[in-house]
Amino acid sequence: AVEGVFVDRLGLTRTDAVALLGAHTIGRGNEDFSGHHGIWVDTEAQSVVWNKRYYEEFFRRAWIPRNQNDSAPQDWTWGGRNGDSPRFFLNTDLCLAFDIEATFPCCSDTTQRTNCDRNGQVLRNTQCASYPAGSPREEFANAVELFAGRRAGGGFSNDNTPFFSAFASAWGKATTNGLRDLVPLVSSPTSSPTGSSSDPPTLPQPSGSPTLPQPSLSPTPKPTKSPGFAFVTEQEYDAIDADIAAISAAFGNNNILRAHFLGGIVRLVAHDFMDFDITNEAIPMGSDGCIDMEHPDNSGLPQDIWCDTCPLTQVYNNNFSHISKADFWIAAANAVIRIASNDELNLKNDYVSGRVDAESCVGQGARLPAASGCDAVEGVFVDRLGLTRTDAVALLGAHTIGRGNEDFSGHHGIWVDTEAQSVVWNKRYYEEFFRRAWIPRNQNDSAPQDWTWGGRNGDSPRFFLNTDLCLAFDIEATFPCCSDTTQRTNCDRNGQVLRNTQCASYPAGSPREEFANAVELFAGRRAGGGFSNDNTPFFSAFASAWGKATTNGLRDLVPLVSSPTSSPTGSSSDPPTLPQPSGSPTLPQPSLSPTPKPTKSPGFAFVTEQEYDAIDADIAAISAAFGNNNILRAHFLGGIVRLVAHDFMDFDITNEAIPMGSDGCIDMEHPDNSGLPQDIWCDTCPLTQVYNNNFSHISKADFWIAAANAVIRIASNDELNLKNDYVSGRVDAESCVGQGARLPAASGC
């Protein structure tokens, strides 16, 4: 059921599915509706908190079947004492970590022997099986482990970021599946939208609740674009993609030049966004099309990538100079990633434009990370860019393509094993951490110190920077060292004897343990040896981190807009002529035939920032009104998230005629939606009254998602705020016959 809905029909990864099911961390099952009774976590207080506790429960408890011979549907319960609120898991929960289909009935942890022998069952000798190494479902189990933060020495970390990061990415995909022309929050209008009073909305008072505070609706001013500003059309994006593909093809079999070109474009974008500083409100920088080409840390870019005679610059000057360099560079890098991944990672649907180029960026180069170690990684990616350590590891995976040039950076070689691999976008970079015995290089030379593989390097040296190897090993604690002392002879090279000096691991529970966990996840290392062939954990995390990094500090960015009927200012109506690199064959010219896109219905309203904040305030006020009654609060908060999930889980990527998805339409008569029309979306339900009284001019689909985002922000104590990722523009469907039949059964994976 999980794979059938989330993977096959929604088109998500298994890691996405595990992240979305983490929503079970709040809310509760009600036997009057679903037949399943209880909470997924340990206490009622925990059932209204958005964190990773749900994933910890897989390993804290000895789960055994419940209701095998009863009229109630079969699920799982903790063998220990449950107290007043039963703790339960569905089959679709427990199957994420254990192969329950292969060993049913079983106990999830037979080391807790007495807890396995309850409810008339003796299961102390029947351990629920793990998934076979290399099986597709191993990704489920790996994601549960990562999000739980289980420590090798026992216990769990306190770090929610792997879960939060993956959830934000998966939630964004699921709530926008199949939709186009969605836009971020728009500036609040000077007059109120049609159907809304100019006065603050009156919040409905739930029966028996105290008077609820009224949210403030003072509009927040937002920056506007400069005159003559141009967003990127779908036609232009596709033309940029075609131009990059044509230039790449022109290199023929010369992977050294191709690696310089493809990796250089991604480096150009990275050097543009890595100067962002979340703590510097006066000069934040970021993706602003401005790079100090004189600074030594940008060396190579003005020589090979962005110069008057460079192919990329000529493509821009000839055909796309009416849009910002920042938008163009990111579109070009997206093309590189699509091409190098053989279409496996296509970021087109995530692309937004509207960046404005800065005229000056004095000090830009000084903000870039030095190649010194993880202090530099944390200082730039975590402290200044505001990303997670998992995000940082994902972004550094861009080293899987490209090469270092000793004439520019002083570092020479490739991060992977062969020249052919250096033009392929996949997870090979992460595998190299464990395939090789890395030892220091250039310790006493004029070239900067880095790391090389102790084995034979051939014509192209393989190298890692300190900022690479520190992601998996505590090189600062043990330098000089060898990353794998089981490869004894490979540790003793370059005049060094390091076979007895293993590079240290990070201490359990340290912040940098998240680096190492992410490297392990993205590498797909199997317990029995070798590596999986699954790029999806890396691709999913990269897409999320790339989206954050390239939009940091920016507002009013919009997805690809419909191609205009006339050409934009500064662009010819004829297809652009692609510049011919010196000595290259004639390059194919991209097709610029526009692709028609759906338009919104008359009277359509996007959501303003003012309205989003008001929805958030209303949900917070209702939640506060429940006081200490966490049972009712869990029903309310969890019910809103369930409402959104039941709206998007009916999407079917294979059904072009009736795709459904986030369309504000749920078959409230279907038994799988039971509970929603009774407690969440009914004429007397607080959520419905908030909508009818104040927000009926926007679609239900947009309103429900904004309300669920508020739930997540409130329940996570502001740790996961999805406001900057929110987009609106969904249109409610008038009918959704068959919607309930598309929802996942609680049968298993």
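Before moving on, here are some points about what is shown:
- Look at the dipole of the stretch 619-689 built from charges on Cβ: of A625, F636, P671, the Cα furthest out on the positive end belongs to A625.
- T501 exposes around 50 Å² of accessible area when a 1.4 Å probe is run over every protein chain in place.
- Rg/Rg_globular for the stretch 647-708, with Rg_globular taken as 2.2 N^0.38 Å and Rg from C-alpha atoms: 1.20
- Dipole magnitude (debye, nearest 20) for the stretch 254-347, charges at Cβ of Lys, Arg, Asp, Glu: 440
- Coupling constants for the stretch 91-97 follow from the phi torsions by the Karplus curve (6.51 cos²θ - 1.76 cosθ + 1.60, θ = phi - 60°), and in residue order they are 4, 6, 7, 5, 5, 5, 10 Hz; glycine and proline get x.
- Around the Cα centre of the chain, unit charges on the Cβ atoms of Lys, Arg, Asp and Glu (plus for the first two, minus for the last two) sum to a dipole of about 1480 debye.
- Highest-first packing order for the peptide set 265-277, 300-312 is 265-277, 300-312, based on the mean count of other beta carbon atoms within 10 Å.
- Local charge for N334 was computed over the other residues whose Cβ lies under 9 Å away, with Lys and Arg +1 and Asp and Glu -1, and equals 0.
- With Cα atoms defining each centre, the stretch 325-340 and the stretch 619-672 are spaced 36 Å apart in the structure.
- Dipole of the chain [Lys/Arg +1, Asp/Glu -1 at C-beta], most positive-end residue of L720, Q74, N426: Q74
- Farthest toward the positive end of the dipole of the chain, out of A242, N466, Q739, is the Cα of N466, where the dipole comes from beta carbon charges about the Cα centre.
- Across K325/K548; K173/K325; K325/K427; K427/K723; K348/K700, pairs whose alpha-carbon gap is larger than 21 Å: K173/K325; K325/K427; K427/K723; K348/K700
- Gained length - I658 relative to A133, 0.36 nm times residue gap less alpha-carbon distance: 185.3 nm
- Counting only protein heavy atoms and using a 1.4 Å probe, the accessible area of H635 comes to about 50 Å².
- Working note: Debye formula, equal point scatterers on the alpha-carbon atoms of the chain, no solvent; log10 I(q)/I(0) at q = 0.05, 0.07 Å⁻¹ is -0.27, -0.53.
- The chain: calculated mean residue ellipticity at 222 nm from DSSP helix runs of at least 4, using -39500 (n - 2.57): -9000 deg cm²/dmol
- Here D308 and E101 are evaluated by their C-beta separation; at R0 = 60 Å the FRET efficiency comes out at 0.45.
- The stretch 344-411 and the stretch 499-548: distance between their alpha carbon centers, rounded to Å: 18
The values are calculated or read from the model by the stated rules, or taken from the named source; none is laboratory data. On a predicted model such as this, the values are computed, not experimentally measured, just so you know. Because the Cβ atoms are built from the backbone with ideal geometry, glycine has one as well, and the counts that use them run over all protein chains shown. Protein only, heavy atoms only, side chains kept; ligands, DNA and RNA dropped before computing areas. Shrake-Rupley method; radii C 1.70, N 1.55, O 1.52, S 1.80 Å.
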